[in-house]
Amino acid sequence: MALMKSGAQGFFCVFLAVFLSGGFPTEASGVSLGRFIGCAVREFTFMVRKPGCAGLHITTDACWGRCETWQKPVLEPPYIESHQRVCTYNQTRLETVVLPNCSAGVEPSYSFPVALRCDCAVCLTSTTECITSV
């Protein structure tokens, strides 16, 4: 799974938690998402929480999907050939909301990326937190 670097890390931690807890529907537009291979923009809702402010439910678009990945052994070091792609953001826009009821001295704004286009691609560590081992 890939996570974007930036102030939006909390957003993607929430995305991962929602995804792993089954917060996404299993059927959409008659397509079985359990068998879906590819990468798509999906709408979902999550709760933004920031110390000193009340929480706020936000609905946004994020990347969701499974990409073709394979490995095969080879005779030369590193003894494995890998083709690993992740469902990641190809194009985004930044959106900012104002959180309600913030304490004095607490910045009430919260910014997060909105997916405009998603693709199966190599995980780039310059823009994404890539999980390299389990």
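Among residues of segment 39-55 that are under 10 Å from Ser103 (Cβ atoms) and free of Cβ contacts under 8 Å to residues at least 60 places away in the same chain, those with a Cβ under 7 angstrom from a residue that is surrounded by fewer than 12 Cβ atoms within 10 Å (Cβ to Cβ) and among the hydroxyl-bearing types (Ser, Thr, Tyr), sequence gap 6+ or separate chain, pair up as Gly52/Ser103.
Residues in segment 32-50 that are over 15 Å from Arg117 (Cα atoms) and at pLDDT 90 or above were compared, and the one that is surrounded by the most Cβ atoms within 10 Å (Cβ to Cβ) is Phe46.
Scanning segment 73-128 for residues that are of a type in the set (Gly, Ala, Ser) and modelled with pLDDT of 90 or more yields Ser103, Ala104, Gly105, Ser109, Ser111, Ala115, Ala121.
Restricting segment 64-89 to residues that are in a loop (DSSP other than H, G, I, E, B) and either over 11 Å from Cys120 (Cβ atoms) or β-branched (Val, Ile, Thr) (or both), the residue that is nearest to the chain's Cα centre (by Cα) is Thr69. Give segment 51-90 a look and list any residue that's surrounded by 13 or more Cβ atoms within 10 Å (Cβ to Cβ) and on the phi > 0 side of the Ramachandran plot, or say none. Matches in segment 51-90: Gly52, Gly65. For Cys53, state whether it is of a type outside the set (Val, Ile, Thr), modelled with pLDDT of 75 or more, under 19 Å from Arg117 (Cα atoms) and more than 11 Å from the chain's Cα centre (by Cα). For Cys53, the condition - of a type outside the set (Val, Ile, Thr), modelled with pLDDT of 75 or more, under 19 Å from Arg117 (Cα atoms) and more than 11 Å from the chain's Cα centre (by Cα) - is not met.
The values are calculated or read from the model by the stated rules, or taken from the named source; none is laboratory data. Note that the structure is a prediction, hence the values are computed from the model and not measured. Virtual Cβ from ideal backbone geometry, glycine too; neighbours counted across all protein chains shown.
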